[in-house]
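Have a look at the structure below, then the notes.
The values are calculated or read from the model by the stated rules, or taken from the named source; none is laboratory data. In this text, all values refer to a predicted model and were calculated from it rather than measured experimentally. Please note: Cβ atoms are built from the backbone with ideal geometry, for glycine as well, and neighbour counts cover all protein chains shown. When the accessible area is computed, the model is the full protein with side chains, heavy atoms only, and any ligands, DNA or RNA have been set aside. Shrake-Rupley method; radii C 1.70, N 1.55, O 1.52, S 1.80 Å.
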Amino acid sequence: MTNNDISLRTDADGLVHLPGLPSFDPTDIAENAVISRLAGNWRRRATVKRDEPDLDALFDADRADYPERIIPFRDHPTWQALPDELRSRLLSWAWIAYNRHTVLAEQRVANPAFALVMEGEFPGLGEHDMEIALAQAMVDEQYHSLMHISASALTRRKRKHAFPDRVLPDSHTARTHQLLRAQWTERWQRSLTTLAFATVSEISINAYLDLLADDPDIQVVNSTTARLHNRDEYCHASISDEMAKLVYDVLDADKRRFFLDMLVAGLDAFVATDYASWTAILAAEQVPGADRMIADVQADKSSSRLVRDYTGLHSLMSEMDVLGEVDFDWGLAEVKK
Ligand SMILES: [Fe+2]
Ligand SMILES: [Fe+2]
């Protein structure tokens with residue numbers, strides 16, 4: 001059998017074995033109450049089921065496309081000396097990159113992980129109401145990709161500027177996920193890596209979307225896009241939370257350790273400021289002194305994280321009783337425990 005074969009093997013007790021993963025009882029149809037409730041109310045709550053807002057009508061050229069307060073070099077003299085028009089265009093770029101990163105999180109991490117679970121990659125997971133909840137979540141994620149792609153298209157049209165996606169490197173999270181998967185030799189390692197990154201993404205994306213969703217000053221189209229997306233993600237966070245606990249429960253000690261390591265790697269990647277994207281954007285706009293400005297800010301570790309709310313993953317790890325086994329600087333989240 002190769003590492004890519006996942007064939008079912010049943011022992012004398014009727015338990016099913018998959019290579020690299022623990023056995024499970026396929027006749028146990030116990031449903032998870034959280035998953036069942038979410039699967040049942042999807043048609044009433046999902047953004048994809050609602051009428052689309054008239055995005056064009058919401059556009060206001062005088063508003064910034066992205067909050068300057070979360071630009072990592074907002075206080076740097078080079079940034080502050082830039083002409084208003086260029087600074088405004090760079091904020092539009094930040095919004096285009098934010099959309100691109102969100103789309104990559106959906107396409108490269110969230111939906112592949114949901115598909116793995118639906119296909120039965122993790123024993124005991126992905127059947128009954130969970131299958132329905134995951135199929136719904138995959139529709140949500142595809143719709144979120146469309147929402148963010150449409151939002152970037154609107155920005156390009158209204159700002160009369162190309163802002164081509166091809167200028168941007170893949171997001172830091174997408175690159176890290178890909179690099180890790182490429183280095184593993186075992187299928188279960190790759191599958192748990194994708195599940196761990198999706199768990200982090202699904203549980204932490206609320207904090208990422210919140211960076212824009214409640215901002216009263218930016219483009220209303222943009223905060224509305226983030227807010228509508230966020231509504232669905234509160235439910236995905238619950239689904240991912242349950243999935244992570246169910247998987248962790250049935251892993252052996254080595255695979256538990258591996259899963260925790262991948263959760264931390266995912267969180268480190270997800271919350272990081274994406275300097276590669278900024279380097280590309282500033283080069284495309286030929287911003288004078290950009291390299292120096294980025295080097296100055298990168299040297300200041302207080303700017304290294306864009307997302308600073310880790311409470312979602314902190315509470316998951318607290319419920320899993322593994323906080324003592326992971327090495328992550330939780331900052332304020334630790335205080336809220
Ligand atoms: Fe999403
Ligand atoms: Fe999601």
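Among (1) at pLDDT below 95; (2) within 16 Å of ligand 1 (Cβ to nearest atom), which single condition is ASP214 missing?
(2)
If you take the residues of the stretch 223-239 that are touching a Leu at 6+ places or on another chain (Cβ under 6 Å) and under 17 Å from VAL103 (Cα atoms), which of them is nearest to ligand 1 (Cβ to nearest atom)?
HIS229
Do you know which of the residues in the stretch 36-76 that are under 21 Å from the mean Cα position of the chain (by Cα) and hydroxyl-bearing (Ser, Thr, Tyr) is farthest from HIS236 (Cα to Cα)?
So, considering only residues that are under 21 Å from the mean Cα position of the chain (by Cα) and hydroxyl-bearing (Ser, Thr, Tyr), the one farthest from HIS236 (Cα to Cα) is TYR66.
Check every one of the helices (runs of 4 or more DSSP H) wholly within the stretch 240-299 and list those with 3 or more residues that are surrounded by 18 or more Cβ atoms within 10 Å (Cβ to Cβ) and at pLDDT below 95.
253-271
Can you pull out every residue in the stretch 164-189 that is open to solvent by 50 Å² or more (accessible area, probe 1.4 Å) and assigned to a helix (DSSP H, G or I)?
Residues satisfying the conditions are ASP165, ARG166, HIS172, ARG175, GLN178, LEU179, ARG181, ALA182, GLN183, ARG187, TRP188.
Determine, yes or no, whether ARG100 is more than 13 Å from ligand 1 (Cβ to nearest atom) and either part of a helix (DSSP H, G or I) or of a type in the set (Lys, Arg) (or both).
When the stated conditions are applied, ARG100 passes them.
Can you tell me how many residues in the stretch 297-322 are touching a residue at least 24 places away in the same chain (Cβ under 8 Å), farther than 20 Å from TYR275 by Cβ and of a type in the set (D, E, K, R)?
Here the count works out to 2.
Restricting attention to the stretch 266-304, report how many residues are of a type in the set (Asp, Glu) and farther than 16 Å from TYR208 by Cα.
Count: 4.
Considering only residues of the stretch 113-134 that are open to solvent by 10 Å² or more (accessible area, probe 1.4 Å) and outside any loop (DSSP other than H, G, I, E, B), which is modelled with the lowest pLDDT?
HIS128
Hey, can you tell me all the residues within the stretch 55-67 that are within 17 Å of ALA213 (Cα to Cα) and not in a helix (DSSP H, G or I)?
Answer for the stretch 55-67, where residues must be within 17 Å of ALA213 (Cα to Cα) and not in a helix (DSSP H, G or I): PHE59, ASP60, ARG63, ALA64, ASP65, TYR66, PRO67.
Which ones in the stretch 197-244 are in contact with a Pro (Cβ under 9 Å, 6 or more places away or on another chain) and among the aromatic types (Phe, Trp, Tyr)?
Matches in the stretch 197-244: none.
Taking the stated definitions as given, is ARG100 open to solvent by 50 Å² or more (accessible area, probe 1.4 Å), more than 12 Å from ligand 2 (Cβ to nearest atom), closer than 24 Å to LEU267 by Cβ and at pLDDT 95 or above?
It is true that ARG100 is open to solvent by 50 Å² or more (accessible area, probe 1.4 Å), more than 12 Å from ligand 2 (Cβ to nearest atom), closer than 24 Å to LEU267 by Cβ and at pLDDT 95 or above.
Determine whether GLU202 is under 18 Å from the mean Cα position of the chain (by Cα) and of a type in the set (Asp, Glu).
So GLU202 passes the test.
Spot the failing condition for SER150; the list is (1) buried (at least 17 other Cβ atoms within 10 Å of the Cβ); (2) away from ligand 1 (no atom under 13 Å from the Cβ); (3) within 16 Å of GLN107 (Cα to Cα), and only one is missed.
All conditions are met except number (1).
I'd like to know if the stretch 68-83 contains one or more residues that are modelled with pLDDT of 95 or more, in a helix (DSSP H, G or I), of a type outside the set (Val, Ile, Thr) and within 16 Å of ligand 1 (Cβ to nearest atom).
no
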